[in-house]
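For reference, the structure discussed in these notes is given below.
The values are calculated or read from the model by the stated rules, or taken from the named source; none is laboratory data. Not measured: the values here are computed from a predicted model. Backbone-built Cβ (ideal geometry, glycine too); neighbour counts: all protein chains shown.
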Amino acid sequence: MQQKLAPWRVTGSRITYEDRWLKIRTDQCETQDGRVIGSWHVMEGSPWVNVLALTEDRQVVLVCEYRHGIGQVVLGLPGGAVEKSDESPVAAAQRELLEETGYGGGQFYEIGRSYPNASNQNNTLYSCIALNVQKIHNEQNLDEGEQIEIVLQDYDSFAQMVWSGELATQSLYVATLGFASHFLAQQK
């Protein structure tokens, strides 16, 4: 008979690093069969959103920005942390899109949820889609360290570049694109 899995029992926990952007918790755990897990590091983080925003003529509103972790400038989706003042992930998507790109309006939908790295991160990614967005203003309200160029690209060509591997992008953008593709197919 197969044994059912159960969550580990946490026998000790402490915060080993914390700053404005990152908190690392180190847990000592025990599995259901009694094995001791000495130190398991968990990055605690806020939930965040990515938004695939489409203009009326199916142009995707993309952001081009430097990502220091890989030392490259990459193309991606607008997004950011869901703040305590946000009423919902959709409200966070609306705020982030406007702050980073100046685009807004239209219809916003939450289309999926995923865990960025459930092994050692505790946050949730909310994937959203925005339909029929338009340029509201030219100002950007960027976070410290952000420099963003706005790029518009045809949805079908963007999707093809991602699916073919031609455009290397963050894996969570791929999740949002997958949710968006499913959502759009059901709208036809």
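Return yes when GLU56 is touching a Lys or Arg at 6+ places or on another chain (Cβ under 9 Å) and either under 17 Å from LEU167 (Cα atoms) or not basic (Lys, Arg) (or both) and no when it is not.
On the way: touching a Lys or Arg at 6+ places or on another chain (Cβ under 9 Å): no; either under 17 Å from LEU167 (Cα atoms) or not basic (Lys, Arg) (or both): yes.
No: the conditions fail for GLU56.
Considering only region 22-59, state which residues are under 30 Å from LYS135 (Cβ atoms) and either loosely packed, with under 13 Cβ neighbours inside 10 Å or of a type in the set (Lys, Arg) (or both).
Of the residues in region 22-59, the ones under 30 Å from LYS135 (Cβ atoms) are 46-59.
Passing the criteria: GLU56, ASP57, ARG58.
If you go through region 127-146, how many residues are assigned to a loop (DSSP other than H, G, I, E, B), modelled with pLDDT of 80 or more and within 18 Å of the chain's Cα centre (by Cα)? It would help to see each step written out before you state the result.
Just the residues of region 127-146 that are assigned to a loop (DSSP other than H, G, I, E, B), to begin with: 136-146.
In the following step, the residues that additionally are modelled with pLDDT of 80 or more were identified as 136-137.
Subset that is within 18 Å of the chain's Cα centre (by Cα): none.
Total meeting the criteria: 0.
Among the residues of region 152-166, which ones are closer than 21 Å to TYR103 by Cβ and either in contact with a helix residue (DSSP H, G or I) (Cβ under 9 Å, 6 or more places away or on another chain) or not assigned by TED's automatic domain parsing to the domain that holds TYR126 (or both)? Write out each step before concluding.
The initial filter retains those residues of region 152-166 that are closer than 21 Å to TYR103 by Cβ, namely 152-159, 161-162.
The answer is GLN153, TYR155, PHE158, ALA159, VAL162.
Just to be sure, is ILE70 among the aliphatic types (A, V, I, L, M) and either within 19 Å of ASN123 (Cα to Cα) or touching a residue at least 24 places away in the same chain (Cβ under 8 Å) (or both)? Step through it out loud before you land on a result.
Numbers: among the aliphatic types (A, V, I, L, M): yes; either within 19 Å of ASN123 (Cα to Cα) or touching a residue at least 24 places away in the same chain (Cβ under 8 Å) (or both): no.
No.
If PHE179 passes every condition in (1) under 16 Å from GLY76 (Cα atoms); (2) surrounded by fewer than 12 Cβ atoms within 10 Å (Cβ to Cβ) but one, which one does it miss?
(2) is the only condition that PHE179 fails.
I'd like the full set of residues that are more than 30 Å from PHE108 (Cβ to Cβ) and of a type in the set (Ser, Thr, Tyr), limited to region 1-53.
In the first step, residues of region 1-53 are kept if they are more than 30 Å from PHE108 (Cβ to Cβ); the result is 1-19, 24-42.
If the condition is that a residue be more than 30 Å from PHE108 (Cβ to Cβ) and of a type in the set (Ser, Thr, Tyr), then THR11, SER13, THR16, TYR17, THR26, THR31, SER39 are the ones that fit.
So which residues in region 105-162 are more than 21 Å from SER88 (Cβ to Cβ), buried (at least 16 other Cβ atoms within 10 Å of the Cβ) and among the hydroxyl-bearing types (Ser, Thr, Tyr)?
TYR155
List the number of the failed condition for ALA92; all other conditions in (1) buried (at least 16 other Cβ atoms within 10 Å of the Cβ); (2) among the aliphatic types (A, V, I, L, M); (3) without any contact (Cβ under 8 Å) to a residue 24 or more places away in the chain hold.
For ALA92, the exception is condition (3).
In region 167-180, which residue that is out of contact with any helix residue (DSSP H, G or I) (no Cβ under 8 Å at 6 or more places or on another chain) and at pLDDT below 90 is farthest from ALA53 (Cα to Cα)? Reasoning before the result, please.
Our first condition is that a residue be out of contact with any helix residue (DSSP H, G or I) (no Cβ under 8 Å at 6 or more places or on another chain); within region 167-180, this holds for 168, 170-172, 175-176, 178-180.
The next check asks that each one be at pLDDT below 90; those that pass are 168, 170-172.
Numbers: ALA168: 19, GLN170: 17, SER171: 18, LEU172: 15 Å.
My answer is ALA168.
Matching residues to (1) of a type outside the set (A, V, I, L, M, F, W, C); (2) under 16 Å from ASP154 (Cβ atoms); (3) assigned by TED's automatic domain parsing to the domain that holds TYR155:
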site: ARG20; (1), (2), (3): yes, no, no
site: THR26; (1), (2), (3): yes, no, no
site: GLU30; (1), (2), (3): yes, no, no
site: GLY38; (1), (2), (3): yes, no, no
site: LEU54; (1), (2), (3): no, yes, yes
site: GLN59; (1), (2), (3): yes, yes, yes
site: LEU62; (1), (2), (3): no, yes, yes
